[in-house]
Structures are given as C-alpha cells and as structure tokens.
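Worksheet: one structure, shown below.
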Amino acid sequence: IIAKSLVLSTGCRERTAKQIGIHGTRPSGIFTAGTAQYYTNILGQLPTERCIILGSGDIGLIMARRLALEGAEVLGVYEAKPTPSGLMRNISQCLDDFNIPLYTSHTVTRVFGEERLTSVEIAKVDENMNPIKGTEKIVECDSLILSVGLIPENELAEGLNISLDTRTKGPIADQNYMTMEDGIFICGNAMHVNDLVDYVSESGESAGKAAANYSKSNRVMAKINSDNSFLYTIPQRIDINKVSDKT
C-alpha cells in the first residue's frame with residue numbers, strides 16, 4: 001500500500017506489575033483491571049474470591065464494586081499517592097456504599113505464591129512514593145487487581161523512529177497532529193491518555209482531516225514551554241507556518 005500520509009491510532013495499554021516495580025514470583029491471579037473486567041463482563045467468569053486492588057483510578061474503583069456485586073471479597077483499594085485518583089462520585093458509589101476501605105500512601109511491594117497468588121506484601125510510602133522500611137505487612141488473597149494507569153501503545157511509532165515525549169510516552173506532535181516525521185499523524189490515546197472518549201473521537205477526526213489534506217511543505221517548528229503548574233502540554237510543537245490552523 002502506497003500512501004502520502006499515515007495516521008497512527010494504536011490506542012493505549014495498561015501498565016503491568018513489572019512496570020511498577022512489584023517483585024516476587026509469577027503466579028496466576030495477577031490481573032490488570034481491564035482483564036478482570038473482561039473476565040467478569042464478557043466471559044461471565046469471576047476471576048477471584050478474595051482480592052485487593054492496587055490503584056484508585058476509576059476503572060479500579062468500578063471493578064471493586066463489580067467484583068463485590070458478583071460475590072468476591074474485596075479487602076481494600078490501595079493507592080500510592082496521598083489522594084485518590086478517581087472521581088469522588090466513584091469513591092462514594094463504589095467503595096463507601098460497599099464498605100470497601102481505601103488506603104492512600106500504600107503500595108504493593110511483593111507477591112507470593114507458586115501456581116496461584118497466595119498473599120501480597122503491602123508497605124506505606126513516603127512523599128516520594130518510596131516504600132518505608134518497617135511498615136510492611138502481609139495480606140492473604142488469591143488475586144491482585146492492578147489499576148495503575150495507562151500508557152500509549154507506541155511500538156509502531158518507535159519502529160518508525162518517531163520522537164516520543166518522555167512525559168506523555170506518546171509521539172511529539174504539532175497543532176495538526178503531525179509527528180516530527182512528515183506525513184505521519186497521531187491521535188487519541190496513542191498520543192496521550194485522554195480522560196474522556198469524546199476527546200479521543202475529536203482528535204481522531206481532526207487528525208484524519210489533516211492527513212487527508214496533507215501536502216509536503218517546509219515546517220518551522222516552535223517548541224511550547226510551560227511552567228511547573230502543568231504536567232505537560234498538547235501539542236508540544238507549533239508549526240508557525242500554519243498558525244492559523246485549528247488547534
């Protein structure tokens with residue numbers, strides 16, 4: 001297939017236990033929240049009888065309620081940050097209404113078990129989210145549900161030598177969703193993880209239009225800088241030759 005432009009809409013994926021530094025054996029019973037959701041909602045199978053959830057994102061909170069409704073014992077939701085990540089509405093409706101405790105400034109540091117998970121080690125963390133020695137405790141459970149964030153799926157982008165943003169983990173792009181490689185565009189969660197699917201759809205439509213109208217021209221790129229009150233900015237660059245284009 002020969003094309004003048006390409007749109008990467010590869011989405012994002014969930015972080016795994018190894019990516020967040022959980023050590024120990026490799027037993028079954030460690031699920032991402034999305035996998036647990038698939039087992040429960042699509043396959044109609046209960047993946048756990050007694051579990052803990054690491055991470056207080058909205059998917060994790062919703063799965064805490066879902067598993068409780070299906071008869072599983074949810075021992076608690078543990079969050080490394082000092083405040084929960086999910087919406088207060090979900091904390092109220094998914095945890096408080098089902099008497100599921102939320103432990104902030106705690107994380108899972110180790111898992112135990114041979115064929116199946118038998119227990120996890122939990123420790124308090126300091127302001128830098130490093131485990132505090134001496135605060136460890138063992139909690140017996142048969143499953144660990146991970147709700148520890150999403151990252152853009154960027155293997156194709158890396159294969160095309162596209163420059164990535166170390167903060168978003170997605171490609172650097174201009175106001176027209178074009179990456180630093182001419183003719184290659186990016187959109188949706190492949191660019192950065194969005195809070196709402198509406199934003200994903202909007203960026204996909206805009207990137208598609210820009211790709212369809214693409215014609216090779218010289219770009220003069222200006223970097224967007226922000227102060228520490230912003231985690232990151234999108235887009236990261238502006239093509240000053242096209243400053244009148246919709247951003």
- Looking only at region 1-17, and only at residues there that are aliphatic (A, V, I, L, M) and not in a loop (DSSP other than H, G, I, E, B), the one that is surrounded by the fewest Cβ atoms within 10 Å (Cβ to Cβ): LEU6
- Task: Answer yes or no as to whether PRO171 is out of contact with any His (no Cβ under 8 Å at 6 or more places or on another chain) and in the same structural domain as TYR38 (by TED's automatic domain parsing).
- Result: no
- Query: Just one of the numbered conditions (1) in the same structural domain as ASN128 (by TED's automatic domain parsing); (2) buried (at least 19 other Cβ atoms within 10 Å of the Cβ) is not true of THR25; which one?
  - Reply: (2)
- Going through region 18-36 in order, the residues found to be closer than 23 Å to PRO101 by Cβ, assigned to a loop (DSSP other than H, G, I, E, B) and not aliphatic (A, V, I, L, M) are GLY29
- Query: Filter region 37-46 for residues that are part of a loop (DSSP other than H, G, I, E, B) and out of contact with any Leu (no Cβ under 8 Å at 6 or more places or on another chain); which is nearest to TYR103 (Cα to Cα)?
  - Reply: GLN45
- Just wondering, is there one or more residues in region 95-106 that are within 23 Å of the chain's Cα centre (by Cα) and more than 29 Å from ASN189 (Cβ to Cβ)? yes
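The values are calculated or read from the model by the stated rules, or taken from the named source; none is laboratory data. Remember, predicted model here, so these are calculated numbers, not experimental data. Cβ coordinates were reconstructed from backbone atoms using ideal geometry, including for glycine residues, and neighbour counts include every protein chain displayed.
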